[in-house]
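Here's the structure, in structure tokens; my notes come after.
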Amino acid sequence: MPDAPESDPRFHEFVILQAQNAGLFLGQIPNPLTGSKSVNLRAAKSVIDSLEMLTSKTQGNLADSESKLLAMALKNLKPLYQSALDAADEKDEE
């Protein structure tokens, strides 16, 4: 029986950085350079798509804590993206 994969702190840092980037692009986090919040749906979708691809491509190769972190990041980001998308659609309809 193969050993369970070991957790790598670099993976945790990477996922957190990507989640922060998505939060920035979704207007949840102010831009550190300008201090203002703005929405970039295309960039946010790209980050979320990348995290989904990472989930798929690493299945069975992650430590439990890494899988949970990745799943939690996506669980938190997807509704935020959908809300930002809905708000953009409503704005377009005005």
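Values quoted throughout were computed directly from the atomic coordinates according to the rules given, and no laboratory measurement underlies them. Given the structure is predicted, the values throughout are model-derived calculations rather than measurements. Neighbour counts are summed over all protein chains in view; Cβ atoms, including those assigned to glycine, are modelled from backbone coordinates with ideal geometry.
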Calculate how steeply helix 64-93 sits against the longest principal axis of the alpha-carbon atoms of the chain, using the helix alpha-carbon long axis, and give the answer as 0 to 90 degrees to the nearest 10. 20 degrees
Size of the dipole of the chain about the Cα centre, Lys and Arg at +1 and Asp and Glu at -1 on the beta carbon, nothing else charged, in debye to 20? 180 debye
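Just flag the GluC sites (Glu not before Pro) in segment 1-55 sitting in loop per DSSP whose Cβ has no more than 11 other Cβ atoms within 10 Å.
For GluC sites (Glu not before Pro) across segment 1-55 that sit outside H, G, I, E and B with at most 11 neighbouring Cβ atoms in 10 Å, the list reads E6.
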In whole angstrom, how far apart do the alpha carbon centroids of segment 75-94 and segment 2-42 sit? 19 Å
Let me see the P(r) profile for the chain: every Cα-Cα distance counted, bins of 10 Å, each bin given as a percent of all pairs. 15, 42, 27, 12, 4, 1
Reach of K68 by Cα under 26 Å, taken over lysines that are not fewer than 8 positions away in the same chain: K45, K57, K78
Within segment 1-78, list the trypsin sites (Lys or Arg not before Pro) lying in a DSSP loop whose Cβ has at most 14 other Cβ atoms in a 10 Å radius. K37
